[in-house]
Amino acid sequence: MYYIIRISIHGEERYIFNEKLFVSNQGFARKFYSLAYARRYIKTHPSCKEYGCEIIPAYTG
């Protein structure tokens, strides 16, 4: 299991690929294998503070 971060920019759902790039396809999103690391990423990156993010669990297999 891994986690991805969803961000809503002006009503459009996007997923975080890196600090400056957001993708619309969930498959290309950055994968976080630790919930603690995903939470830390949200706290430290300004794009998450500006738009608001949520962590979504994704399952492999």
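What percent does the relative contact order of the chain come to when contacts are Cα pairs within less than 8 Å and at least six residues apart?
Reported as a whole number, the value is 46 percent.
May I ask you to evaluate 6.51 cos²θ - 1.76 cosθ + 1.60, the Karplus curve with θ = phi - 60°, for each residue of segment 46-57 and list the ³J(HN,Hα) values in order in whole Hz, giving x for glycine and proline?
After applying 6.51 cos²θ - 1.76 cosθ + 1.60, I find x, 5, 5, 5, 6, 9, x, 10, 9, 8, 10, x Hz.
Could you derive backbone 3J(HN,Hα) for segment 26-38 from the dihedral phi with the Karplus parameters 6.51, -1.76 and 1.60 (θ = phi - 60°), listing whole Hz in sequence and x where the residue is Gly or Pro?
4, x, 8, 5, 5, 9, 10, 8, 10, 5, 4, 5, 5
Heavy-atom accessible area per residue, the chain, 1.4 Å probe: how many Å²?
Value returned for the chain: 69 Å² of accessible area per residue.
More than 13 Å apart: what percent of Cα pairs in the chain qualify?
I get 56 percent for the Cα pairs in the chain exceeding 13 Å.
Could you please state how large a percent of the accessible area of segment 1-44 is carbon and sulfur, counting protein chains only and using a 1.4 Å probe?
51 percent
The values are calculated or read from the model by the stated rules, or taken from the named source; none is laboratory data. Given the structure is predicted, the values throughout are model-derived calculations rather than measurements. The accessibility values were calculated without ligands, DNA or RNA, using every heavy atom of the protein model including side chains. Shrake-Rupley method; radii C 1.70, N 1.55, O 1.52, S 1.80 Å.
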